[in-house]
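Asks: Pasting in a structure now, in structure tokens, and then I'll have a few things to ask.
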Amino acid sequence: EAQVTQNPRYLITVTGKKLTVTCSQNMNHEYMSWYRQDPGLGLRQIYYSMNVEVTDKGDVPEGYKVSRKEKRNFPLILESPSPNQTSLYFCASSLNGRPSYEQYFGPGTRLTVT
Amino acid sequence: TQLLEQSPQFLSIQEGENLTVYCNSSSVFSSLQWYRQEPGEGPVLLVTVVTGGEVKKLKRLTFQFGDARKDSSLHITAAQPGDTGLYLCAGALVTSYDKVIFGPGTSLSVIP
């Protein structure tokens, strides 16, 4: 089954404790992206990757890191999480970027930072 | 400031009614997508429009892309309870080709 998977689905952590949210897709998609969704603010892009070893900042990259060493995986790293990073996070992938950006989303990771 | 505005923000209608939701911007998009999201789940792609003036139909859903590629609309005919959800529009700006911008969404509730 074609899908985007994320782990963990739920995570509660404390300020400053490094964490990684994994994302994997089995569709051989080139474009992958991370978003956070907050009430009243909608979905905002954190980082995106056009292909292996190619990553770039979205609209809200501060406090996050990503890597794209393999085509299928695109982990999101929070080196020192803070409470303002409490949010619902989605990973997405697309066969190619330009021009259509038809994205397939993972099920989401709900992160709480205390 | 939202680059993509959606209206209305909330909509509650009776089963069988028709409705239209709008997605507007002052910026030009290379393409625009519509997604539906249900609580606790990721958005699911409904359609992509690329050409100005384009109209696409998906069963009871009709999508239109404005001639200037700055706006779009989604019309639902004879709404059903299964149409309930958050409708999101998203697009890639021609000026920043690889970034995708999402609108804040229209929350639709269809009452049986």
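Asks: If you take the residues in region B:16-54 that are surrounded by fewer than 17 Cβ atoms within 10 Å (Cβ to Cβ) and acidic (Asp, Glu), which one is farthest from residue A:89 (Cα to Cα)?
Replies: Once the filter is applied, the top-ranked residue is B:17.
Asks: What number of residues within region B:67-86 are surrounded by 22 or more Cβ atoms within 10 Å (Cβ to Cβ) and within 12 Å of chain A (Cβ to nearest Cβ)?
Replies: So the answer is 1.
Asks: Right, another one. Could you please find all residues in region A:27-51 being of a type in the set (Lys, Arg) and facing chain B (nearest Cβ under 10 Å)?
Replies: A:44
Asks: Tally time: how many residues in region A:1-11 are over 12 Å from the mean Cα position of the chain (by Cα) and assigned to a strand (DSSP E or B)?
Replies: Residues flagged as over 12 Å from the mean Cα position of the chain (by Cα) and assigned to a strand (DSSP E or B) within region A:1-11 amount to 2.
Asks: Also: Please give the number of the condition residue B:76 fails out of (1) at pLDDT 95 or above; (2) closer than 30 Å to residue A:32 by Cβ; (3) among the aliphatic types (A, V, I, L, M).
Replies: Failing condition for residue B:76: (2).
Asks: Pairs only if they're at least six apart or on different chains, beta carbon under 7 angstrom, first in region A:1-20 and touching a residue at least 40 places away in the same chain (Cβ under 8 Å), second exposed (fewer than 13 other Cβ atoms within 10 Å of the Cβ) and charged (D, E, K, R); list them, first residue then second.
Replies: Filtered contacts from region A:1-20: A:18/A:79.
Asks: Check residue B:47 against each of (1) within 13 Å of the chain's Cα centre (by Cα); (2) touching a residue at least 24 places away in the same chain (Cβ under 8 Å) and name the one condition it does not meet.
Replies: Every listed condition holds for residue B:47 apart from (2).
Asks: Hey, another quick one. Take the conditions more than 9 Å from chain B (Cβ to nearest Cβ) and β-branched (Val, Ile, Thr) and apply them to residue A:4. Does it pass?
Replies: Spelling it out, it is not the case that residue A:4 is more than 9 Å from chain B (Cβ to nearest Cβ) and β-branched (Val, Ile, Thr).
Asks: Out of the residues in region A:88-113 meeting the condition of being out of contact with any helix residue (DSSP H, G or I) (no Cβ under 6 Å at 6 or more places or on another chain) and more than 14 Å from chain B (Cβ to nearest Cβ), tell me which one is surrounded by the fewest Cβ atoms within 10 Å (Cβ to Cβ).
Replies: Across region A:88-113, the extreme among qualifying residues is A:112.
The values are calculated or read from the model by the stated rules, or taken from the named source; none is laboratory data. Worth saying up front: this structure is predicted, and the values here are computed from it rather than measured. FYI the Cβ positions are ideal-geometry reconstructions off the backbone, even for glycines, and counts take in every protein chain you see.
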